[in-house]
1. Select from the stretch 296-307 the residues that are in contact with a Leu (Cβ under 9 Å, 6 or more places away or on another chain) and in a helix (DSSP H, G or I) and write down the one among them that is farthest from the ligand (Cβ to nearest atom).
2. Every residue in the stretch 82-121 that is charged (D, E, K, R) and surrounded by 16 or more Cβ atoms within 10 Å (Cβ to Cβ), please.
3. Just to be sure I understand the filter: pairs with C-beta atoms under 7 Å, separated by 6 or more residues or on different chains, first member in the stretch 163-178 and touching a residue at least 24 places away in the same chain (Cβ under 8 Å), second member surrounded by 22 or more Cβ atoms within 10 Å (Cβ to Cβ) and among the polar types (S, T, N, Q). Which pairs pass?
4. Would you pick out the residues in the stretch 88-114 that are within 11 Å of SER25 (Cα to Cα), part of a loop (DSSP other than H, G, I, E, B) and away from the ligand (no atom under 12 Å from the Cβ)?
5. Kindly list the number of the only condition in (1) surrounded by 16 or more Cβ atoms within 10 Å (Cβ to Cβ); (2) over 24 Å from GLU346 (Cα atoms) that fails for VAL126.
6. Filter the helices (runs of 4 or more DSSP H) completely within the stretch 159-257 down to those with at least 1 residues that are among the hydroxyl-bearing types (Ser, Thr, Tyr) and touching a strand residue (DSSP E or B) at 6+ places or on another chain (Cβ under 7 Å).
Amino acid sequence: MQDFEQFIGSFSFDGRLAEVDINSSIAHTKMLVKTKIIDNSEGEKIISGLTSILKDIKEDWQLPKEEDIHYAIEKELIKRIGPIGGKMHTARSRNDQIVTDLRIYLKQEIKIIVNLISDFQRVLIVKAEENIDIIMPGFTHLQPAQPVLAAHHLLAYVWMLQRDKERLDDCYKRTDILPLGSAALAGTSFSIDRQYTAQLLNFKSVSENSIDAVSDRDFAIEFVFCLSLTVLHLTRFCEEIILWMNPEFGYITIGDKFTSGSSIMPQKRNPDAAEVVRGKSGRIIGDLIALFTIVKSLPLTYNRDLQEDKPSVFDSLDNLKLCLEVMKKMVDSLKFVEERVLRSTEKGFIAATEIADYLAKNDVPFRTAHGIVKDIVLYCKKKSKTLNELSLAEYNKFSKVFEEDIFEYLSARSIANMKTSYGGTSKKSVLHQIENIKNKLKLIE
Ligand code: ARG
């Protein structure tokens, strides 16, 4: 029945928990010695056996196949030190052991991912600073709306990523609770010291309810949710990179190695890296749905279904890390094509709101001003002119309120720089924003 064992087992995908499993077993053994459940010399043998297995694993030695990583380590320990190795499993069960391992592992991964996000944020901030004088059309409904600083647009992603890190930090708090000692589901009659194990394993607290502790996977679901939202943010940027690279836009170039050629169309450079990030988001969001579905309707307490959580958790974190690494390098290589971006601000009548505001500031009710400017835009379209190309006399055909100073309101740069409200797109506001985010990231001491 070899196939059946493989079917119900998890050894093919839980191997990466070997190190945390051994470390949590060492801590558990120390606790068993401290509470005199096993004696000192037994504890020492178990710990040195576990340490030697860990050393071999780090040197690429392969554990013999078993049903799962816990059995594999325990069997190897017994092989190396004799039946005494079996004492390690006193006062615990694989049910509290697996969820302990996963919590330790995710705590480590949260820290790694938060650092990767910070690295990417730093690249975005440098890009924003480098391009502080580039004005581009901001879109709503993907239609030209109002001019904005390219830096302002880039920084929008920095704030999204900041919230992604905050969410992960929060998820860390709920992951930082030790379930070990809950045993199979009901706790144990041995007089264990769970606080001591928590201290050894660097957990902030211990779980309060053994039934909850072995059944719960919401920390893992929350973790994958955090990653899903992060990758979702990345996909929005990827989509823009793909659009901006399209020759119809021609706003940016990115490093050659993030694109590929076509095997048939010699002229093409395809934005593959951005597309793959976008594609991988489907996997990561799919992992989240898989986890929801695995846990949904499961009666308490532990059920073997829960074992199937690991492939989704690992897949999502592996792929998000790859996406963050690639995004960081790709954005580092991004260059704005200034004259294309500038030319594009002249199209699309993106000064229209500003002209309406000009009238409103001169006492024309905004709704009336909106109608006047709508007519001016229609007139421009008919005459194939931009708003810049109209004369004052032409403006006055629509309203006598217009004076010579209207032309100050027509350049994309001056329009952007007039948006001095807090969090707005003027250079002054954006420089302030950069200082704030740098403070948050501790880039300024
Ligand atoms: N491999 C299992 C998992 O990943 C470990 C727990 C097995 N427990 C049990 N009672 N069969 O969840």
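1. Kept after step one, since they are in contact with a Leu (Cβ under 9 Å, 6 or more places away or on another chain), are these residues of the stretch 296-307: 298, 300-302, 305-306.
Checking the rest, the ones that are also in a helix (DSSP H, G or I) come to 305-306.
Working: ASP305: 9, LEU306: 5 Å.
Across the stretch 296-307, the extreme among qualifying residues is ASP305.
2. Looking only at the stretch 82-121, we keep the residues that are charged (D, E, K, R), and these are 87, 92, 94, 96, 101, 103, 107, 109, 111, 119.
Within the stretch 82-121, LYS87, ARG92, ARG94, ASP96, ASP101, ARG103, LYS107, GLU109 meet the criteria.
3. Matching pairs, first to second residue: ASP164/THR230; ILE177/SER207; LEU178/THR100; LEU178/THR197; LEU178/SER207.
4. THR90
5. Single failed check for VAL126: (1).
6. Numbers: elements: 194-200, 210-215, 218-245.
Those helices (runs of 4 or more DSSP H) span 194-200.
Table: residues versus (1) under 22 Å from THR175 (Cβ atoms); (2) touching a Pro at 6+ places or on another chain (Cβ under 9 Å); (3) in contact (Cβ under 8 Å) with a residue 12 or more places away in the chain; (4) aliphatic (A, V, I, L, M).
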residue	(1), (2), (3), (4)
LEU106	yes, no, yes, yes
ILE110	yes, no, yes, yes
ILE117	yes, no, yes, yes
ARG122	no, no, yes, no
GLU130	no, no, no, no
HIS141	no, no, no, no
PRO147	no, yes, yes, no
ALA150	no, no, yes, yes
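Table: residues versus (1) charged (D, E, K, R); (2) under 42 Å from the mean Cα position of the chain (by Cα).
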| site | (1), (2) |
| --- | --- |
| GLU354 | yes, yes |
| PRO365 | no, no |
| ASP375 | yes, no |
| THR386 | no, yes |
| GLU404 | yes, no |
| TYR409 | no, yes |
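Just so you know, all these numbers are worked out from the coordinates, no wet-lab data involved. Values in this document were obtained by computation on a predicted structure and should not be read as measured data. Note: ideal-geometry Cβ built from the backbone for every residue, glycine included; neighbour counts use all protein chains shown.
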